[in-house]
1. What is the residue count in the stretch 355-373 for residues that are under 18 Å from the mean Cα position of the chain (by Cα), assigned to a loop (DSSP other than H, G, I, E, B) and not polar (S, T, N, Q)?
2. Are any residues in the stretch 343-362 of a type in the set (A, V, I, L, M) and in contact with a helix residue (DSSP H, G or I) (Cβ under 7 Å, 6 or more places away or on another chain), and if so, which ones?
3. List the number of the failed condition for Phe138; all other conditions in (1) under 22 Å from Leu28 (Cα atoms); (2) at pLDDT 95 or above hold.
4. Being open to solvent by less than 30 Å² (accessible area, probe 1.4 Å) and of a type in the set (A, V, I, L, M) is the filter here, so list the residues in the stretch 112-146 that pass it.
5. Which of the numbered conditions does Asp88 fail, given that it passes all the others? Conditions: (1) under 22 Å from Thr190 (Cα atoms); (2) modelled with pLDDT under 95.
6. Give the residue that is nearest to the chain's Cα centre (by Cα), with candidates limited to residues of the stretch 155-193 that are aromatic (Phe, Trp, Tyr) and open to solvent by less than 10 Å² (accessible area, probe 1.4 Å).
7. Leu314 passes all but one of (1) within 18 Å of Leu43 (Cα to Cα); (2) buried (at least 24 other Cβ atoms within 10 Å of the Cβ); (3) modelled with pLDDT of 95 or more; which number fails?
8. Tell me which helices (runs of 4 or more DSSP H) are completely within the stretch 1-104 and hold 3 or more residues being out of contact with any Lys or Arg (no Cβ under 8 Å at 6 or more places or on another chain) and within 21 Å of Trp127 (Cα to Cα), or say none if there are none.
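The values are calculated or read from the model by the stated rules, or taken from the named source; none is laboratory data. Because the structure is a prediction, the values reported are computed rather than measured. Counting neighbours? That spans all protein chains shown, and the Cβs are built from the backbone with ideal geometry, glycine included. Just so you know, the surface numbers come from the protein's heavy atoms only, side chains and all, with ligands and any DNA or RNA stripped out. Shrake-Rupley method; radii C 1.70, N 1.55, O 1.52, S 1.80 Å.
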Amino acid sequence: MARRVVEANVVKTPDGVLYFGSGQDFGLRIYTRDIAYSGVLGLNREYPELMASSLEVSREARWNLQFRVTPGHDVREIPVDWQIHDGDELDLIAHYQTNSYTRHSDDAVWLWAASDLKQWCGDRATWSWIYETGARFFETFYEPWRDPETGLFFGQSSFVDIHFAGARRTSGYPVEFELKDCVLLKALSTNCLFYKAMEVMAEASDALDQPQDAESWRAKARAHKENILKRLTGPDGQLRYYLGRDGKLAEQRHALGIALAVLFDILEGEAAVRALELYPRTDWGFPLFVPFLPGDHIYHNHSAWPFVDAFMFLARKKALGIDESENHFRMLEKAIVDDSLMEVCDVRNGIARGSRDQLWTAAAAFSLLHGPK
């Protein structure tokens, strides 16, 4: 079933280039995080050429869009060349095949996927392309989003949709937040991805025989790790969901952020073990964050996402030394509705819902065979 879903998500650009979409219902839309997380979970090994093409397509789409945004999505506290697109979000996607950077500020995830692809599949991803593209994106897209006070990067929690301009609210942030509040926080998951991105840049520098550059990137990564642990750890010693615009830590913990912190060795030893052992699990998956936000809304709130569960199981295997493949398999079975893999489960009642035939839900099944190196 997973293989059928993955192959049904192959999309062709107008230029005839193939790449992985994120769900059968989405059509010609390029979502970097869906591609990257799916690659690391196993598609890099199963479909290396398609993954390489997908990453290249994502870089081209992001570069072409630059900082064009729809009205209200320009966050002027971030010093970049904001350009207002005359149209709504759907119109912007129709023109550029992807969302604005304001809604995709976890973009650095591609570097993890590219390095994983390189390590498993050799010449299908070149270190020179990774390094040159990474350096260009750090300079243009990433560094302007670094908060000089904390050393952390602004931006949404990875894959958790921010509120929209106007009255429409999403389910992953406090309802009283404005769009700007969702962007000017410092999220654990996204900052873990930037740490990994710096490590990848150091690795690429080594491969290209640039030792001074490699040490510079490693020094940046070490400082960033220290900032994550210093700024995002609560009084209970546990990493929190985000540091808010107001300087206050969120009450919530975040499953994806904790999994990434363990997988990237930001949390090590007993600290990693404790973070994982203290995180709750239901029969339908790990709640995306705990405690839940106020209100009855479902999607990121009150939910478990199978691809996040996959990373949690990989983190638990690394830190706790246990193989929970059977439990993971049974959990994935509960995401099946009418022969389709759904994107999310309501942890209050076990109902699988959301979009059908999701790429990263299928990739979660492949993680039973593969995992990040």
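1. Going through the stretch 355-373 one residue at a time, the tally reaches 3.
2. Scanning the stretch 343-362 gives Leu359, Ala362.
3. (1)
4. Selection gives Ala113, Ala114, Leu117, Ala125, Ile130.
5. (1)
6. Phe159
7. The single condition Leu314 does not satisfy is (2).
8. Working: elements: 2-8, 32-38, 48-65, 89-96.
Qualifying helices (runs of 4 or more DSSP H): 32-38, 48-65.
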